[in-house]
Amino acid sequence: MGAMTLAHHESTGAATHEVANQARPLENYNVFEADRVLAGALEREGGEWAVEQARAVGTYAGSANAQRLGREANENPPRLKTHDRFGHRIDEVEFHPAWHELLGAGVGFGLHSLPWTDPQPGAHVARAAMFMCFGQAEAGVGCPISMTYSAVPALRAQPELADEWVPRLMSTNYTGELRPTPDKAGALCGMAMTEKQGGSDVRANTTVAAPLNGGGAGAEYELTGHKWFCSAPMCDAFLVLAQAPGGLSCFLLPRFTPDGDRNRMHRQRLKDKLGNRSNASSEVEFRGAWARMIGDEGRGVPTIIEMVNHTRLDCVLGGAGAMRMGVAQAINHCERRSAFGKTLVDQPLMQNVLADLAIESEAATIAAMRLARSYDEAADGDEGAVEFRRLANAILKYWLNKRAPAHAGEALECLGGNGYVEESGMPRLYREAPLNSIWEGSGNVQCLDVLRGMVKNPAAVEAFFAEVAEAQGSDRRLDAAAVELREELTELDQIESRARRVVEWMALVLQGSLLIRFGDEAVSDAFLASRLGGDAGRAFGTLPPGADFKRIIQRHAPA
Ligand SMILES: Cc1cc2nc3c(=O)[nH]c(=O)nc-3n(C[C@H](O)[C@H](O)[C@H](O)COP(=O)(O)OP(=O)(O)OC[C@H]3O[C@@H](n4cnc5c(N)ncnc54)[C@H](O)[C@@H]3O)c2cc1C
């Protein structure tokens, strides 16, 4: 009888349900153009010449194709093949084709090299805008892209190595093949600092570097030891820290030795990670691996810090891009979903949540792009920019990435149950969110770095306050907060245990001042009231009720 009923339904084609009141996927839109805040910042900060390039990245990142590739690359994580079937060591990582396609696209857009291939004013800003957009299709490929971009300034400490490698790293060709680099059109570079016994404290590194022919800057060494984290292990070369006779030093370790053999850098296993699943992060061992020293013996940290500074900029951009994506997804959903007789975007309490997420995103984007400008100015020899960047990079890396996980969680909740389901992309955003806080110096390390920067370099403090002072006199809440911050900084008692409070305050004051100058009026007013004026609760969605929610949401709507 049951079978007959089923057959009857199938033959008449009676619908069991109708799909109603569901949002549409946020795809086939231009991630860049839809982001008015980012588009404004690109022009303002000196990258106006790159609008067309940013548009092209925006079209790509928002396309249904790139969004699908991002999902596939994460659903099919990389696999390590340590040996071939005959037992030879091969140390290869197999990726899903979606990974290669995305990485090829990112390299094709020059996200890994634009400021070096086209070093005109605004080049770092231009790249920053493009990097933020691209990450909204897939964040994992940002890892090798960022490390390759960042390796260049460190490599330049050793001119003959830079002459050999930088042209390869600047190439916009990506093949994904494992071959000696002289035979390859382009190359990518990774980084291996962290060891089991210490990541933040790299001076605890135990990997040993023995000179092969006397040693010194540019000379050949043999490395023995391990690295506990080495991401993007399929890169063509790595910057590595190891203990040489003269102390901790920086090395370039290529995938192949000059005679074309695979270098003795063995991938032990891949990490099973919370997020960032499209990207491989490995544990490696060096068993007499061939490498060349970059910079002087014993100067490993100052040499590699040139690389770390740039990857830290990308952590800031990554945090800002993630928040933008959360806002776009949340508004896209709430504009199309109704509950209790009203579209969600018209429900007063949801308006408060969306507006609060939006002002956080706007503050993040404006600050991140201002920071990117300091890289352009520093490249032009502007000492003030170097001082500003010294503190602002660590302040923003800390604060944006402290906000990002909570922001992603709240944006996810705006989609209700759908937000908890993988297909929405929100779980991926949520899992990725803590990463930019951890790698390249975790939260506490960033805060302590700000303290160190202030002590060693008082001019950096003045550069920070000079930036804030650009908005002085415009708003009493900012003025009062800046005065309070100055007082906080002169009080050195227990400064280390107060470091998070201090750095958070610095971030909010900087963001507040930038929003007054460059943000939307309703956004900056809501930010100052809630973040500096104390008129807010602890969760998102607790802005003072007088804020102009509609205007803020409209400004951030992705349509
Ligand atoms: C997915 C992923 C990929 C990575 N890829 C790479 C890579 O490619 N290359 C690479 O070299 N590394 C990589 N890392 C490693 C990463 O940079 C380190 O994990 C990070 O720097 C922290 O080091 P740690 O894990 O040794 O933690 P620890 O240094 O042990 O720190 C643990 C905690 O203690 C805090 N802490 C440390 N010192 C202090 C202090 N003085 N006061 C107060 N708190 C302190 C830290 O903030 C952190 O919260 C990767 C990490 C992850 C998660």
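The values are calculated or read from the model by the stated rules, or taken from the named source; none is laboratory data. Just so it is clear, the structure is predicted and the values come from calculations on it, not from any experiment. Here Cβ is always computed from backbone atoms with ideal geometry, including for glycine, and neighbour counts include all displayed protein chains. These area figures cover heavy atoms from the full protein model, side chains too; ligands, DNA and RNA do not enter into them. Shrake-Rupley method; radii C 1.70, N 1.55, O 1.52, S 1.80 Å.
Taking label positions 7 Å along the Cα-Cβ direction at both N213 and Q494, the computed distance is 5.9 nm, reported to one decimal. Among the trypsin sites (Lys or Arg not before Pro) in segment 14-87, those located in a DSSP loop and surrounded by at most 14 other Cβ atoms within 10 Å of their own Cβ are R85. In this rough spin-label picture, where each label sits 7 Å from Cα along the Cβ direction, the E285-D261 distance is 1.8 nm.
Candidate membrane-span-like segments in the chain, meaning DSSP H helices with Cα atoms spread over at least 24 Å of their own axis and a Kyte-Doolittle mean of 0.0 or above, are 300-334, 348-379, 499-518, with no membrane implied.
Apolar share of the accessible surface for segment 183-255: 52 percent from carbon plus sulfur atoms, 1.4 Å probe.
Only Cα sites of the chain enter the Debye sum here, all with the same form factor; the resulting log10 I(q)/I(0) across q = 0.06 1/Å is -0.31, listed in q order. Annotation: extensible slack from R517 through E487 equals 8.4 nm (criterion: 0.36 nm per residue apart, minus Cα-Cα distance). Taking each residue as 0.36 nm, the span from L178 to A466 lengthens on full extension beyond its C-alpha to C-alpha distance by 98.8 nm. For the chain, lysine pairs with C-alpha atoms less than 22 angstrom apart, excluding pairs fewer than eight positions apart on the same chain, total 13. Loop only by DSSP, 13 or fewer other Cβ within 10 Å of the Cβ. Give me the GluC sites (Glu not before Pro) in segment 99-205 that pass, ordered by residue number. Those satisfying the criteria are E177. At a probe radius of 1.4 angstrom, the accessible area of the chain per residue rounds to 41 square angstrom. Taking all protein chains together, W228, W116 sort by accessible area into W228, W116, largest first [probe 1.4 Å].
In this calculation the C-beta distance from V455 to R79 is compared with R0 = 51 Å, giving a FRET efficiency of 0.65.
Projected label points at E52 and N418, each 7 Å from Cα along the beta carbon direction, are separated by 3.7 nanometres.
Here the extension length gained between R24 and R269 equals 84.2 nm, from 0.36 nm per residue of separation less the Cα-Cα distance. Can you give the relative contact order of segment 233-368 as a percent, counting alpha carbon pairs under 8 Å and 6+ residues apart? Relative contact order for segment 233-368 comes out at 21 percent.
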